[in-house]
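The structure's right below; bear with me while I get my questions together.
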Amino acid sequence: MTLAIVLAAGSPAAGLTTATGEPLADRLAAQLRRAGADEVRFAATLDELTALVATATAPVLVTGTDLVAHTAVLRHLATSPVGPTVALVLGDPPVPGRTAVREERGQVVDAGAPDALDGDATGVFGGALRVGVDDLPTLAAAARAAAGGPGSAVDRLFAGLAALGTLIFAQRVRLLVAHRVEDEAGLTAAEAAVTAVDEDRAELRLSVKEKDDFFTTYFVSTWSPYVVRWCARLRLTPTGVTAISVLFALAAAVLFGVGGRPALVGGAVLLYLGFVLDCVDGQLARYTRHFSAWGGWLDTMADRAKEYLVYAGLGFGVSHAGLGNGWALAIAAMTLQTVRHMTDTWYGVLHDEAARRPRAASAASGGIGDRLNAASTRVQADTGSLSYWLKRTVVFPIGERWALIALTVALFNPLVSLIAVLVWGVLAFAYTGALRTLRARWMWVPVLDTVDATLHRDDGPLARWLPVVRPMGPLTLAVIAALGPAVLLVAALWGDSPDGLRWAVPVALLVLLVGGLGAGAAHNGPLDWLVPAALRAAEYLFAIAVGVVGGAPGWLIFGYVFVLTVHHYDLTARLEKRQAAPPLHAFTLGWEGRSALLALAAIAGMVGSGLATLGAYLLVVFVVSVVLAWFVRPARSARASVAPVGAGGAAPH
């Protein structure tokens, strides 16, 4: 049950009356109820707020009495999926008596009096925040520390919460209206501004991301809101739209495999429409405020599955038409894109961690990293400029990938499409890799040390049994691990008799296992965020090399690597959604365990059977893990929470 608290202490607007004659505080209370609060309480002092927070078992909404805003602003705050604790942040200039805010990457990294931020303020606190359950003790501590002070109590409370190190995300107001008022004139002006904006129309426009990629912005988001409204009227859920988009992508993949100009053009059209629906599911979630951890996880996993199904269709189409080894190109495209995504994920974690740290600790003045960071900030701020769009397009985001595939397939053939994807993907990887490496060395922020490194390395029992080699560092060892499989793969592809290289498989495995020597070392180097991607590359290259040496069909190698990518995307999706490890993660054997089993299959001359058996096993483990994590365990928790006394529940005292 969500509790909302209207805090009146220290607010000059406590006695203001709205145009309809009701007190402003009462209108705020009614808006909070419409925004989703189950109970609304008033607190005259911070001590009263502390007592109310002590009884809360769900997220708590706290507002001052001086906020004039659309109800949608409060609803967005209450339902924001960005994090457990979120604060309303306004773009108004800092003024005395208000708490100024400095935010980076959507996180509040500093809060206090305007002069205390040394001119670095990016906004002001909007007088409302949602506090997650785990942060409620910190909220109570901040309230006790701020009790009795001068000025607005809600501002002191927010500043105290930030000072205690709470991770607070910023909720910006866009298209809608929110203002903090102090007198009748300010209240009248704010109410007029609220009335002038059509709330529903603004919410529909807000369903579109504020900053998206070029193709999505100009060729999808210009008309997708109409589809969003239609889906909402039909009462479709975001998950339902995701499922439909998967069917569109699957149909496109089938048509790409069939070949022939009508099928290729039809597949291109379906691929475009599938991408539109891929955007619509998120826009519908934002419009209807139907967010869930399951929906976010499913959307992430479906995006990758759709893309790789399309690669499979293209690969089959190339081979079916006799244009070349399409499966080899499809495997290369999938491997490249997965390793790229791993670096994207961990670079984002790196940036978030850097934003949470004091500037003096996360940046050294001068140097190429400093200049690159400043240049990137300038380009990102110049929204809509040529340099802005070039920067967003050159990294080859999902919209541009799907557009390139659709155009090249419709105009040429699947071979041209896969080659184009590979060429642009390699160039984008080189560009982002070089710049991110330089900036990461400048920031020098360890991120793998802040999470379960064993989980995100995907280590198994064998890696944990290996000795630790600390002087070389885990990244160096992971890169060495990828070299052995890479050499074996090149030799198998260019040699006359790949089967004659069966003896080299154990050697490549030994080189691969070098990556396990860094499992127990500290992952605190400036580039150690690249370790997961390097280990993914090492395992994929080894599996592909073993498949080629063993003469396995291309579709089987593709299928096995596809299952591996699903497993690894599950880990990164859980990281992004702040979810626990998969329930059956221990049964996935680790990257080194899976590779050792494939090596044994190669030595025994059973590579095809080994890939099929191990791939099927991993897929079953993944499906069972998903069912346990998202359905069985939540159902058990729900039943346990309502268990009656005498049936396992504790007796009341």
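The values are calculated or read from the model by the stated rules, or taken from the named source; none is laboratory data. Owing to the predicted nature of the structure, the values given are computational and were not obtained by experimental measurement. Cβ atoms come from the backbone with ideal geometry, glycine included; neighbour counts cover every protein chain shown. Protein only, heavy atoms only, side chains kept; ligands, DNA and RNA dropped before computing areas. Shrake-Rupley method; radii C 1.70, N 1.55, O 1.52, S 1.80 Å.
Could you list all residues from the range 162-196 that are under 25 Å from the mean Cα position of the chain (by Cα), touching a residue at least 60 places away in the same chain (Cβ under 8 Å) and open to solvent by less than 60 Å² (accessible area, probe 1.4 Å)? Talk me through it step by step, then tell me what you get.
From the range 162-196, those under 25 Å from the mean Cα position of the chain (by Cα) are 162, 165-175; that's our starting set.
Still in the list and also touching a residue at least 60 places away in the same chain (Cβ under 8 Å): 166-173.
Within the range 162-196, Thr166, Leu167, Ile168, Phe169, Ala170, Gln171, Val173 qualify.
Answer with yes or no whether Gly369 is surrounded by 15 or more Cβ atoms within 10 Å (Cβ to Cβ), of a type in the set (Gly, Ala, Ser) and at pLDDT 95 or above. Working first, answer last.
Values: surrounded by 15 or more Cβ atoms within 10 Å (Cβ to Cβ): yes; of a type in the set (Gly, Ala, Ser): yes; at pLDDT 95 or above: no.
No, not satisfied.
Oh, and also: Quick check: anything in the range 273-291 more than 23 Å from the chain's Cα centre (by Cα) and at pLDDT 95 or above?
Of the residues in the range 273-291, the ones more than 23 Å from the chain's Cα centre (by Cα) are 273.
The next check asks that each one be at pLDDT 95 or above; those that pass are 273.
Within the range 273-291 (the criterion being more than 23 Å from the chain's Cα centre (by Cα) and at pLDDT 95 or above), the answer is yes, since at least one residue qualifies.
Could you figure out which of (1) among the polar types (S, T, N, Q); (2) at pLDDT 95 or above; (3) open to solvent by 30 Å² or more (accessible area, probe 1.4 Å) isn't true of Gln380?
Gln380 satisfies all of (1) among the polar types (S, T, N, Q); (2) at pLDDT 95 or above; (3) open to solvent by 30 Å² or more (accessible area, probe 1.4 Å) except (2).
Also, I was wondering about something else. Is it the case that some residue within the range 304-323 is part of a helix (DSSP H, G or I), touching a His at 6+ places or on another chain (Cβ under 9 Å) and of a type outside the set (Lys, Arg)? Even if it seems obvious, please write down each step before you answer.
Taking the range 304-323 as the starting set, the residues that turn out to be part of a helix (DSSP H, G or I) are 304-320.
Retained after the next criterion (residues that are touching a His at 6+ places or on another chain (Cβ under 9 Å)): 304.
Checking the rest, the ones that are also of a type outside the set (Lys, Arg) come to none.
So far as the range 304-323 goes, no, none of its residues is part of a helix (DSSP H, G or I), touching a His at 6+ places or on another chain (Cβ under 9 Å) and of a type outside the set (Lys, Arg).
Go through the range 419-440 and give me each residue that's under 10 Å from Ala333 (Cα atoms) and either modelled with pLDDT under 95 or open to solvent by 60 Å² or more (accessible area, probe 1.4 Å) (or both).
Ile419, Val423, Val426
May I ask you to verify whether Leu535 is in a helix (DSSP H, G or I) and open to solvent by less than 20 Å² (accessible area, probe 1.4 Å)?
Numbers: in a helix (DSSP H, G or I): yes; open to solvent by less than 20 Å² (accessible area, probe 1.4 Å): yes.
Yes, satisfied.
A further question on this structure: Looking at Ala268, Ala285, Ala232, can you tell me which residue is of a type in the set (Gly, Ala, Ser), in a helix (DSSP H, G or I) and closer than 23 Å to Phe562 by Cα? Outline the logic, then answer.
Details: Ala285 fails: closer than 23 Å to Phe562 by Cα; Ala232 fails: closer than 23 Å to Phe562 by Cα.
Of the residues listed, the single one that is of a type in the set (Gly, Ala, Ser), in a helix (DSSP H, G or I) and closer than 23 Å to Phe562 by Cα is Ala268.
Please tell me if Tyr272 is surrounded by 17 or more Cβ atoms within 10 Å (Cβ to Cβ), among the aromatic types (Phe, Trp, Tyr) and over 27 Å from Gly83 (Cβ atoms). If you could, list the steps in order and put the result at the bottom.
Details: surrounded by 17 or more Cβ atoms within 10 Å (Cβ to Cβ): yes; among the aromatic types (Phe, Trp, Tyr): yes; over 27 Å from Gly83 (Cβ atoms): yes.
Criteria met by Tyr272.
Residues are listed down the side, and each one gets a yes or a no for (1) out of contact with any helix residue (DSSP H, G or I) (no Cβ under 7 Å at 6 or more places or on another chain); (2) farther than 22 Å from Gly551 by Cα:
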position	(1), (2)
Leu462	no, yes
Val468	no, yes
Pro471	yes, yes
Ala481	no, yes
Val490	yes, no
Ala504	no, no
Ala521	no, yes
Leu527	no, yes
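Is at least one residue of the range 80-98 among the β-branched types (Val, Ile, Thr) and free of Cβ contacts under 8 Å to residues at least 60 places away in the same chain? Let's see the steps before the verdict.
Of the residues in the range 80-98, the ones among the β-branched types (Val, Ile, Thr) are 82, 85-86, 89, 95.
Remaining after also requiring free of Cβ contacts under 8 Å to residues at least 60 places away in the same chain: 95.
Scanning the range 80-98 turns up at least one residue that is among the β-branched types (Val, Ile, Thr) and free of Cβ contacts under 8 Å to residues at least 60 places away in the same chain.
Scan the range 116-161 for residues that are more than 23 Å from Ala8 (Cβ to Cβ) and surrounded by fewer than 20 Cβ atoms within 10 Å (Cβ to Cβ) and jot them down. Reasoning before the result, please.
First, pick out the residues of the range 116-161 that are more than 23 Å from Ala8 (Cβ to Cβ): 116-123, 132-134, 137.
Passing the criteria: Ala116, Leu117, Asp118, Gly119, Asp120, Thr122, Gly132, Val133, Asp134, Pro137.
Going by the structure shown, is Leu411 among the aliphatic types (A, V, I, L, M), open to solvent by 30 Å² or more (accessible area, probe 1.4 Å), under 24 Å from Ala305 (Cβ atoms) and free of Cβ contacts under 8 Å to residues at least 24 places away in the same chain? Can you show your working first?
Values: among the aliphatic types (A, V, I, L, M): yes; open to solvent by 30 Å² or more (accessible area, probe 1.4 Å): yes; under 24 Å from Ala305 (Cβ atoms): no; free of Cβ contacts under 8 Å to residues at least 24 places away in the same chain: yes.
Answer is no for this residue.
Only one of (1) part of a strand (DSSP E or B); (2) touching a residue at least 40 places away in the same chain (Cβ under 8 Å) fails for Arg102. Which number is that?
Against the list (1) part of a strand (DSSP E or B); (2) touching a residue at least 40 places away in the same chain (Cβ under 8 Å), Arg102 comes up short only on (2).
A quick yes/no check of all residues on (1) under 31 Å from the mean Cα position of the chain (by Cα); (2) small (Gly, Ala, Ser); (3) surrounded by fewer than 22 Cβ atoms within 10 Å (Cβ to Cβ):
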{"site": "Met1", "(1), (2), (3)": "yes, no, yes"}
{"site": "Ala14", "(1), (2), (3)": "no, yes, yes"}
{"site": "Thr18", "(1), (2), (3)": "no, no, yes"}
{"site": "Ala29", "(1), (2), (3)": "no, yes, yes"}
{"site": "Gly36", "(1), (2), (3)": "yes, yes, yes"}
{"site": "Thr45", "(1), (2), (3)": "no, no, yes"}
{"site": "Asp66", "(1), (2), (3)": "no, no, no"}
{"site": "Arg75", "(1), (2), (3)": "yes, no, yes"}
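Restricting the first residue to the range 220-241 and requiring it to be under 13 Å from Asp278 (Cα atoms) and at pLDDT 95 or above, which pairs with a second residue that is outside any helix (DSSP H, G or I) and acidic (Asp, Glu) meet a Cβ separation below 7 Å and a spacing of at least six or different chains?
Ser221/Asp212
Tell me, which helices (runs of 4 or more DSSP H) lie completely within the range 539-638 with 2 or more residues that are within 26 Å of Val447 (Cα to Cα), touching a helix residue (DSSP H, G or I) at 6+ places or on another chain (Cβ under 9 Å) and of a type outside the set (Val, Ile, Thr)?
On the way: elements: 554-576, 590-603, 607-627.
The qualifying helices (runs of 4 or more DSSP H) are 554-576, 590-603.
Name the single residue, out of those in the range 1-59 being among the small types (Gly, Ala, Ser) and not in a loop (DSSP other than H, G, I, E, B), that is nearest to Asp135 (Cα to Cα).
Taking the range 1-59 as the starting set, the residues that turn out to be among the small types (Gly, Ala, Ser) are 4, 8-11, 13-15, 19, 21, 25, 29-30, 35-37, 43-44, 51, 54, 56, 58.
Next cut, not in a loop (DSSP other than H, G, I, E, B) only: 4, 25, 29-30, 43, 51, 54.
Working: Ala4: 15, Ala25: 25, Ala29: 23, Ala30: 25, Ala43: 19, Ala51: 15, Ala54: 12 Å.
Among those that are among the small types (Gly, Ala, Ser) and not in a loop (DSSP other than H, G, I, E, B), it is Ala54.
Let's see how each residue does on (1) without any contact (Cβ under 8 Å) to a residue 60 or more places away in the chain; (2) among the β-branched types (Val, Ile, Thr); (3) buried (at least 23 other Cβ atoms within 10 Å of the Cβ):
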| position | (1), (2), (3) |
| --- | --- |
| His290 | yes, no, no |
| Trp294 | no, no, no |
| Met301 | no, no, no |
| Leu309 | no, no, no |
| Gly313 | no, no, yes |
| Phe316 | no, no, yes |
| Ala321 | no, no, no |
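Are there helices (runs of 4 or more DSSP H) fully within the range 441-507 with at least 3 residues that are surrounded by fewer than 19 Cβ atoms within 10 Å (Cβ to Cβ)? List them.
Details: elements: 453-457, 461-465, 474-494.
Filter on the range 441-507 gives 461-465, 474-494.
Does the range 97-111 include one or more residues that are open to solvent by 20 Å² or more (accessible area, probe 1.4 Å) and more than 28 Å from the chain's Cα centre (by Cα)?
Yes: one or more hits.
Show the residue pairs meeting these rules: Cβ distance below 6 Å; 6+ apart or different chains; first residue within the range 113-142 and more than 23 Å from Ala43 (Cβ to Cβ); second residue among the β-branched types (Val, Ile, Thr).
Between residues of the range 113-142 that are more than 23 Å from Ala43 (Cβ to Cβ) and residues that are among the β-branched types (Val, Ile, Thr), the close pairs are Gly123/Val89; Gly123/Val101.
Return only the number of the condition from (1) modelled with pLDDT of 95 or more; (2) open to solvent by less than 60 Å² (accessible area, probe 1.4 Å); (3) assigned to a helix (DSSP H, G or I) that Arg205 does not satisfy.
The number of the failed condition is (2).
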